[in-house]
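For reference, the structure discussed in these notes is given below.
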Amino acid sequence: MKHLTMKSFLLAASVALLPGLAVAEIAADIQHPLWYKEPSAKTMEIAAMDSIDGVVVSDGQRGEPGFPAADLKLTDAQIAKVKEGKFTVAISMGWLGDDWASQQLIGLKETFESFGIEVVAETNANWDDAKQIADLEAISVLKPDLLVSIPLNGQTTASAYKKIQEAGTKVVFIDQAVDGMEPGKDYAAIVSSDNLALGMYLADALAESLGGKGDVAAMYFANDFYVTNLRYEGFIARVMAKYPDLNVVAAAGHNDPNKGQEVAQGVLARYPTLSGMYASWSIPAMGAVTAATVAGRTSSDFKIVNENFDQIVALNMAQNGFIAGISSQRPYDQGVAEAKIGALALIGEATPSYVVVPPLKVTRAVLPEAYKTIYRIDLPSEMTDALSQ
Amino acid sequence: MQSKATATGRLMPSLPDIQWQNYVVYIFFVVVLGFFAVMIGDKGFLSVTNLFNIARTTAMITVIAVAMTFIISAGELDLSVGSTTALAALVCALVMQAGYAWPLAVVAAIASGLAVGLLNGVFVTMIGIPSFLVTLGMMQFIRGLDMRVTYTNPISITNQTYNGLFGSGYVFGVPSLLIWSVVIALLGHVVLKYTGFGREILATGGNRQAAEYSGIKTRRVKFYAFLLSGAAAALAGMLYAGMMQTARFNFGEGAELMAIAAVILGGTSLFGGKGTILGTFAGSLLIGTINNGLIIMGLDVSEQMMISGAIIIVAVAFGKKPGA
Amino acid sequence: MSSPFLQMTQIGKSFGNIPVLRRVSFDLQKAEVHALMGGNGAGKSTLMKILTGVYTKDAGTISIGGQTVDITDTAASERAGIAMIFQEFSLVPTLTVAQNIWLGREPRLPGTPFINNAAMVRQSRLILQELGVDIDPEALVGSLPVGFMQIVEIAKALSKRARILVMDEPTSSLSEAETEALFELVRKLKASGISIVYISHRMAEILTICDRVTVMRDGETVMTEPCAGLSVARIVEAMLGAGHSTSFEWQDRGDRPTVPPILQVRNLRLPSRVQDVSFDIRPGEIVGLAGLMGSGRTEIAETIFGRRAAVSGEVIFDGQPLRGQADAIERGIALVPEDRRKMGLVLDHSVRDNVLLPNLARFTRHFFVRDGEALKTVNGTIRDLKIKTDGPDKLSRLLSGGNQQKIVLGKWLARDPRLLILDEPTIGVDIGAKSEIVATVRAMADRGMAVLVISSELEELMAISDRILVLHGGRITQDLNRRTVASEEELHHAIQGHGHRAVDAVPA
């Protein structure tokens, strides 16, 4: 009997606590993500500028200024030297499954091939840093001359990278470095999109489609992920500094891109008059598209912007759907830049430690050109058909 | 406690006639719904659109969980359903992309699900490998296949008849996804409760040896359960694809665990022999309602996860029979 | 008589408002073996659960060695020196004997949290030696014969300095030789001053080993008497109440009419010990199959039922060879298996679902089970077999052993089988249910059903069979007309392989 009452008491207490916790939280209006930091003075200064075209906004994690990717060049003599080396490279990706990753890989592989560098391993950690550590350990056995990789987590994977570097492999990081490794010494460079600028372009695109005013929401990736953190920060900074009539009324996180629809549904249910949304990545953005459709919204009164220029988002934009603006990275160019910097490092050349690839703003009006820029092929016919309607 | 059945027949402590533990999932569902109605009813939670939202997002899990109830009741487990949803969605989208009519795509998708079920069934019932391992391996294999087939690219589905029927459409103002999940749940309920196959499933899970000594072909019964599970996962995948108007290799990641949670919350025994489809349906809706309500409350993802995890544990704890 | 070591006085217990024990008194002398008997539901299990602290009593007192003790839980019972030797063994098969004996109380190396394995083994060896048994304390329990497991249980109890042992059906799964060894052990324990409460349904056993018998019925003690000079009839009468039927005595059912046999087993050879077995059974005949544990009796039964394949030989049923279990069931063979909890019942399912299990096809039309129709059959089974249950929806787990066995029997009888095979049908079944089962089987046989009964209880075979086959060394060594078997001893000798008689001519 004693046990029974104890159990009932515990259960009752825990049931009572849950709503209590929930009530305490419900009061807060817009709740920034747990990792959110106020934008720096420099960021706010740039955010207030009328046009940010051609401005490198992001600094490296250590405050180093960004080196524009377009300025990276290899001389013929350098290329010949790379070819002579018969180098090997391993590529460790954090995930696959979107155009960003595929285009990046294409850029990397094409460039490596032109330099005569052999790709000996290619791994996909599928968003799991533990899996990435295992992948890196497998790669270390192959002893490649070069490793190009996007660390999923700057802390947990650090020692795995360190081990590979200590065995004599040169390392080029995509987007972020890991803790405890020094630029120039432990790794050649970080090659990254200008993520703050990317976020600001998103704000621009959303403001443009809404005429600069209205209630909007931001749906962010809830995990502490360096590049998406910066985009969110850039988005918020730009809205605060440049668009006083754009109100961010809700910020909601998703921890799994497949849950985008569920989260967007909730936000739309709570704010039925919402006129726009920034949705991090294309899968959540398409989830938001579905959520808006079922909520009975139309593309004339609800706009979505996102930062992945992939086929389904582009098609939606071409069809005059909810997707009003895309702040695109240039994954192919980024892959090329990574390969180039890797090649330079392999022959012992000095390299800039932080290389920045600027974003590209895509709207329906410039869709064909933008598509050609990013994918190096013409817009698919179904999109051209949709555009002409 | 090592008690013996002797002499306990009519001497068991007399329990109230209605064992409320059997209904705990319904009670929780009502309580959670009531709680959200009071707290955020004015913030859009109670709007018809939002209630339909809940039904829509849970439809896929419900369909998977209905078949999972059969699997678990038969004393087995199927972890491959999540990747099978993606496989079927991709097959469906690819067939349509290749220019065939949507009914053919539907048949092909169901066939892909059945094929996975068939393989699971063969390995479990004929070769005798524990289903946990077979389906764990199958989960990986199929997910890899999903990636390989499409090089991880999404495939959009432009056939609006298909999309309307399987995902985003309405029938008399009711979302088609809600209709699908209700129909599948009712069908499952009737089959488990009122057909010979349902009884055989429960007997097989309750005591396989006794069922065999009674002439039940338990291997065949389990085999059919795996086929059923594969087909249900395929249907879930098609619903997913219809809703998103796209198919993608990473659909249904983690869906197997959500489905198992819905089944157990609903009151089905994880050890087999006792299963209820209506409970499963309520379990699935409960999970969906909690997720939706917590989002509308505006909670951080970490808090949402803590609260929904805690509610699941508490609900299962309440459902546990004393001494059982 | 000296003052008793254990005295339970005026014990009362109710569950809800159902009284289960009404002022029961029970006492146990030092170094006494005291049998506790009674049908299922008589209250003996409840009484013992109160003694071992599983239940708490509502009324009455318990005193040990003259001191009143308050047994509030199992730990208190253990402190009072009481230990239960479980019928279903509570040992961990993957641990050694010593590890099992000291499970949860392992001696430690002084001042450390580490287990002192040497001491554990040494102390275990000591206890086992005292018991006069040759068991290696370092052997895995799972590798021991069943009989030894019980001894390990006893050793475990003694290691806790138990003075009172409660043994619940200790011989139900033991062979003859193991039973003999256990009796030897019980005598030894007694000599060393241990008192034993001995629960059993086996009369002969009780009269052999016990000093006194207490019989309970309907929550009351109805008899407590010394065993010396007590007759089985007297005990049975006490258990059943006066004027109960005597169906457990053998009834000569007369000669069977000369009809062709329904079952013909021909030169059966199995992968186990069965070498060359042939016999016939005619419709309406009850044939007993006697033999030692492990002699292959169960294997023969399962081969007839189609669950096992023969190496050679054949089983012909109604003129046609049998092809597998589905065919066997289809053509009217039923098997009530050896272990009803494992093979006979889905314990967590209701009486109704269990009875329906082999009959599903009959009640299924267009995939749907006709529950209304089925319920009539189930209610008929409950009524005909006198299954004591609150209703068809009661979980079979909650019924007594006897009633559970009636469900297993009932689910097959509902198919109206032409051959019924009973494998150890009355293990753990109280005398009341036992005689009801025997009566039912007899009645069915009278209507033409053929019956094959396997039992280790010769008393039972003697009571029910028209003819007894003796299985020894993989062959049927004797085929005895029951009328010609004078006593259990004679049969006993036969199954041990002594005193081969020429196989009788098949009785006309």
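The values are calculated or read from the model by the stated rules, or taken from the named source; none is laboratory data. Given the structure is predicted, the values throughout are model-derived calculations rather than measurements. Neighbour counts are summed over all protein chains in view; Cβ atoms, including those assigned to glycine, are modelled from backbone coordinates with ideal geometry. For the accessible areas, the whole protein counts, side chains as well, though only heavy atoms, and no ligand, DNA or RNA atoms are used. Shrake-Rupley method; radii C 1.70, N 1.55, O 1.52, S 1.80 Å.
Figures for the structure shown
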item: Within the stretch C:1-110, helices (runs of 4 or more DSSP H) holding 2 or more residues that are crowded, with 19+ Cβ neighbours inside 10 Å and in contact (Cβ under 8 Å) with a residue 40 or more places away in the chain; result: C:44-51, C:97-101
item: Counted residues, the stretch B:70-100 - those being part of a loop (DSSP other than H, G, I, E, B) and among the aliphatic types (A, V, I, L, M); result: 4
item: Every residue from the stretch C:330-369 that is farther than 19 Å from C:N403 by Cα and in contact (Cβ under 8 Å) with a residue 24 or more places away in the chain; result: C:R331, C:G332, C:I333, C:N359, C:R362
item: Boolean, A:L18 is at pLDDT below 80 and open to solvent by less than 80 Å² (accessible area, probe 1.4 Å); result: yes
item: Residues of the stretch A:47-81 satisfying the condition of being buried (at least 22 other Cβ atoms within 10 Å of the Cβ) and assigned to a helix (DSSP H, G or I); result: A:A47, A:A69
item: Any hit, the stretch B:158-168, residues being within 7 Å of another protein chain (Cβ to nearest Cβ) and in a helix (DSSP H, G or I); result: yes
item: Which numbered condition A:E84 fails, given (1) open to solvent by less than 10 Å² (accessible area, probe 1.4 Å); (2) modelled with pLDDT of 90 or more; (3) not aliphatic (A, V, I, L, M); result: (1)
item: A:Y332 being touching a residue at least 40 places away in the same chain (Cβ under 8 Å), assigned to a helix (DSSP H, G or I) and open to solvent by 30 Å² or more (accessible area, probe 1.4 Å); result: yes
item: Filter result (facing chain B (nearest Cβ under 7 Å) and open to solvent by less than 50 Å² (accessible area, probe 1.4 Å)) within the stretch C:322-333; result: C:Q325, C:I329
item: Complete set of residues in the stretch A:88-103 that are surrounded by fewer than 21 Cβ atoms within 10 Å (Cβ to Cβ) and not in a helix (DSSP H, G or I); result: A:T88, A:W95
item: Selection from the stretch A:278-320 of residues that are more than 14 Å from every other protein chain (Cβ to nearest Cβ) and among the basic types (K, R); result: A:K303
item: Helices (runs of 4 or more DSSP H) lying entirely in the stretch B:229-324 (those with 2 or more residues that are without any contact (Cβ under 8 Å) to a residue 24 or more places away in the chain and among the small types (G, A, S)); result: B:301-319
item: Restricting the stretch C:431-456 to residues that are open to solvent by less than 20 Å² (accessible area, probe 1.4 Å) and of a type outside the set (A, V, I, L, M, F, W, C), the residue that is farthest from C:R202 (Cα to Cα); result: C:R442
item: Search result, residues across the stretch C:457-486 that are within 16 Å of C:R253 (Cα to Cα) and open to solvent by 20 Å² or more (accessible area, probe 1.4 Å); result: C:D466, C:N481, C:R482, C:R483, C:T484
item: Pairs, first β-branched (V, I, T) in the stretch C:405-416, second part of a helix (DSSP H, G or I), C-beta under 7 Å, six or more apart; result: C:I407/C:V351; C:I407/C:N354; C:I407/C:V355; C:I407/C:S396; C:V408/C:R340; C:V408/C:G344
item: Matching residues, the stretch C:334-348, being more than 7 Å from chain B (Cβ to nearest Cβ) and among the β-branched types (V, I, T); result: C:V336
item: Residues of the stretch C:200-215 satisfying the condition of being at pLDDT 90 or above and either of a type in the set (A, V, I, L, M, F, W, C) or open to solvent by 10 Å² or more (accessible area, probe 1.4 Å) (or both); result: C:I209, C:C210, C:D211, C:R212, C:V213, C:V215
item: Residue check for A:V178: open to solvent by less than 10 Å² (accessible area, probe 1.4 Å) and either over 29 Å from A:E233 (Cβ atoms) or in a strand (DSSP E or B) (or both); result: no
item: Residue check, A:V366 more than 22 Å from A:Q104 (Cβ to Cβ), outside any loop (DSSP other than H, G, I, E, B) and not small (G, A, S); result: yes
item: Failed item, numbered, when A:E166 is tested on (1) free of Cβ contacts under 8 Å to residues at least 24 places away in the same chain; (2) open to solvent by less than 20 Å² (accessible area, probe 1.4 Å); (3) more than 14 Å from chain B (Cβ to nearest Cβ); result: (2)
item: Filter pass, B:G288 being farther than 22 Å from B:V25 by Cβ, within 14 Å of another protein chain (Cβ to nearest Cβ) and buried (at least 22 other Cβ atoms within 10 Å of the Cβ); result: no
item: Where A:G348 falls short, out of the listed (1) outside any loop (DSSP other than H, G, I, E, B); (2) loosely packed, with under 14 Cβ neighbours inside 10 Å; (3) not polar (S, T, N, Q); result: (1)
item: Pairs with Cβ under 7 Å, 6+ apart, first in the stretch B:211-226 and more than 12 Å from chain C (Cβ to nearest Cβ) and crowded, with 24+ Cβ neighbours inside 10 Å, second part of a helix (DSSP H, G or I) and among the polar types (S, T, N, Q); result: B:K222/B:T125; B:K222/B:T204; B:F226/B:N120
item: The stretch B:143-163, subset under 25 Å from the mean Cα position of the chain (by Cα) and over 18 Å from A:L315 (Cβ atoms), residue surrounded by the fewest Cβ atoms within 10 Å (Cβ to Cβ); result: B:G144
item: Any chance A:E233 is open to solvent by 40 Å² or more (accessible area, probe 1.4 Å), closer than 29 Å to A:V55 by Cβ and not small (G, A, S); result: no
item: Residue satisfying condition, being open to solvent by less than 10 Å² (accessible area, probe 1.4 Å), of a type in the set (S, T, N, Q) and under 29 Å from B:F166 (Cα atoms), within set B:S112, B:S73, B:S47; result: B:S73
item: Residues satisfying the stated conditions in the stretch A:143-158, i.e. hydroxyl-bearing (S, T, Y) and at pLDDT 90 or above; result: A:S149, A:T157
item: Residue among B:V124, B:V134, B:V191 that alone is crowded, with 16+ Cβ neighbours inside 10 Å, more than 11 Å from every other protein chain (Cβ to nearest Cβ) and farther than 24 Å from A:N126 by Cβ; result: B:V124
